[in-house]
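Trainee: Structure incoming, see below.
The values are calculated or read from the model by the stated rules, or taken from the named source; none is laboratory data. Since we're looking at a predicted model, the values are computed, not measured. We place every Cβ from the backbone using ideal geometry, glycine too, and count neighbours over all the protein chains shown.
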Amino acid sequence: MIRLLPVFLLLLVQVGCQGTDLREVSLDIELVVLGIAQDGGVPHLGCQKECCIDARRDGIRLGPACLAIVNHRSGKTMLIEATPAIEEQLSLLREITGFGNEGRHAVDSLLLTHAHIGHYTGLIHFGREVASTDAIDVYCTERMSDFLRQNGPWSQLVELKQIVLRTVEFGDLTEVMGGVKVAAIAVKHRDEFSDTVAWRIEGPTKTVLFCPDIDSWDGGVLEKLIEGVDICYLDATFYDGRELPGRDLSEIPHPPMVVTMERLQEAAFREPGRFRFIHLNHTNPALRDATIRDELRNRGFRVAEPGERFRL
Ligand SMILES: [Zn+2]
Ligand SMILES: [Zn+2]
C-alpha cells in the first residue's frame, strides 16, 4: 500500500500562490483511488484459501473498487461507487487530501455504475442509523434510480432527502462539480436490478475511464471506451480465468486480464501507465504474485493501488 507524495501537496500550495490562471484551477482537482478489489473485497467471506488466510494473518484489507474526485479549491468531494467499505475509504480520502468524511456531507456527490453489492450498498450508511446525510447528489441511470426509489431501505434515503437522485441519459456529458464533467456509457453485464455503466470523467486536463464490471470487450467495445482517455481503470476481476476452479465462468463473465493486455499491448508500450487494472477478485494472482506484477509492469500496465492519485 502506498501513502503518497507530500511533494504533490507542496506543489499545489506553491502554484496556488501565483495568482489565478486556468492551469492553476486545473491543479486544484485530483482523482484518488480508494479501493481496487472485486465486490467482496479481500479478505473475502468464506475464503479459506491462501489468498485470504494470508490477508487475515497480515491484517491486509482491500476494499471494493472505488475512486474519489476532490476539488481542493471548493473542498467538494465526489465518490465513484458507494462500496461496503465506504467508511474506511472516506477515511483514507481524508487522510490523503484533508477532505471528506465529515458531518452530514461525508461526501458531496456520488456516481454509481450498477446495483451489485460492491458498488452501491455503502449507501446504507447514509440513512438515519448512521450519517443521516443531507441531500447528497447521486448520479446514475434511470433504471438504477428507479431501483433505489422503489426498494427499501434505499427508498427511505430518497424520501428523507438524504440523497437526491440525478438521473443521467446514456452518453450525455453532465457537469457534476466545478471543472468536472461525466458521461455514463452503457456496458454489458448481469443486469438483474439495474443496467450497468462505465463512467467517463473529464477534468480540466485529463480524461479518466472507470469500467469495473463488463462481460467482454468484444465488438470493438474496448476501443470505443478508451478513445481519447488518458487514464483507463479496467475490469480485472480475473487474471486468466483459471483462478476459480469449480465455478462456472459463463455465469460470471469478465474479460481476463491476459486478454485485455493482448488487445492493448501496443498502446501500453507507447503509453505506460495509461491502463490500470481494478476490481480484482480476491483469488486474482495479480494482487500478490511478484512475477506476474513485474511482467505487467514491464509490459506497460499497472494494477491500481489504494491511495494513487492524479491531477485531473
Ligand atoms: Zn463488481
Ligand atoms: Zn481468497
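Trainee: Starting from residues that are within 15 Å of ligand 1 (Cβ to nearest atom) and among the β-branched types (Val, Ile, Thr), keep the ones in the stretch 49-85 and report whichever is nearest to ILE124 (Cα to Cα).
Mentor: Filtering the stretch 49-85 for residues that are within 15 Å of ligand 1 (Cβ to nearest atom) and among the β-branched types (Val, Ile, Thr), the one nearest to ILE124 (Cα to Cα) comes out as THR83.
Trainee: Name the residue that is nearest to ligand 2 (Cβ to nearest atom), counting only residues in the stretch 275-291 that are surrounded by 18 or more Cβ atoms within 10 Å (Cβ to Cβ) and hydrophobic (A, V, I, L, M, F, W, C).
Mentor: So, considering only residues that are surrounded by 18 or more Cβ atoms within 10 Å (Cβ to Cβ) and hydrophobic (A, V, I, L, M, F, W, C), the one nearest to ligand 2 (Cβ to nearest atom) is LEU287.
Trainee: Let me ask something else about it. Where the second residue is assigned to a loop (DSSP other than H, G, I, E, B) and the first is of a type in the set (S, T, N, Q) and lies in the stretch 263-276, which pairs have Cβ atoms under 7 Å and are six or more apart or on separate chains?
Mentor: Going by the 7 Å Cβ cut-off, the qualifying pairs are GLN265/ARG299.
Trainee: If the requirement is being under 23 Å from GLU192 (Cα atoms) and either modelled with pLDDT of 95 or more or part of a helix (DSSP H, G or I) (or both), which of these qualifies: THR283, THR291, THR237?
Mentor: THR237
Trainee: Within the stretch 107-115, is there a residue that is more than 21 Å from ARG166 (Cβ to Cβ), modelled with pLDDT of 95 or more, in contact with a Phe, Trp or Tyr (Cβ under 9 Å, 6 or more places away or on another chain) and within 16 Å of ligand 1 (Cβ to nearest atom)?
Mentor: No, every residue in the stretch 107-115 fails to be more than 21 Å from ARG166 (Cβ to Cβ), modelled with pLDDT of 95 or more, in contact with a Phe, Trp or Tyr (Cβ under 9 Å, 6 or more places away or on another chain) and within 16 Å of ligand 1 (Cβ to nearest atom).
Trainee: Taking the condition of being over 17 Å from VAL168 (Cβ atoms), within 16 Å of ligand 1 (Cβ to nearest atom) and of a type outside the set (S, T, N, Q), how many residues in the stretch 191-238 meet it?
Mentor: 11
Trainee: If you check every pair at least six apart or on different chains, which have Cβ atoms under 8 Å apart with a residue in the stretch 46-63 that is of a type in the set (Lys, Arg) first and a residue that is within 8 Å of ligand 2 (Cβ to nearest atom) and in a helix (DSSP H, G or I) second?
Mentor: That search, which allows pairs on different chains as well, returns ARG61/ALA55.
Trainee: Here's another thing I want to ask about it. Looking at this structure, is VAL107 within 27 Å of ASP146 (Cα to Cα), touching a Ser or Thr at 6+ places or on another chain (Cβ under 8 Å) and not in a helix (DSSP H, G or I)?
Mentor: Judged against the criteria, VAL107 is a match.
Trainee: A further question follows. I'm trying to understand the selection: among the residues of the stretch 35-65, which are of a type in the set (Lys, Arg), in a helix (DSSP H, G or I) and more than 10 Å from ligand 2 (Cβ to nearest atom)?
Mentor: ARG57
Trainee: Let me ask something else about it. Can you tell me which residues in the stretch 116-153 are within 24 Å of ALA184 (Cα to Cα) and either at pLDDT below 95 or of a type in the set (Asp, Glu) (or both)?
Mentor: Once the filter is applied, which keeps residues that are within 24 Å of ALA184 (Cα to Cα) and either at pLDDT below 95 or of a type in the set (Asp, Glu) (or both), the stretch 116-153 yields ASP137, GLU142, ASP146.
Trainee: What about THR113, is it in a strand (DSSP E or B), among the hydroxyl-bearing types (Ser, Thr, Tyr) and crowded, with 24+ Cβ neighbours inside 10 Å?
Mentor: no
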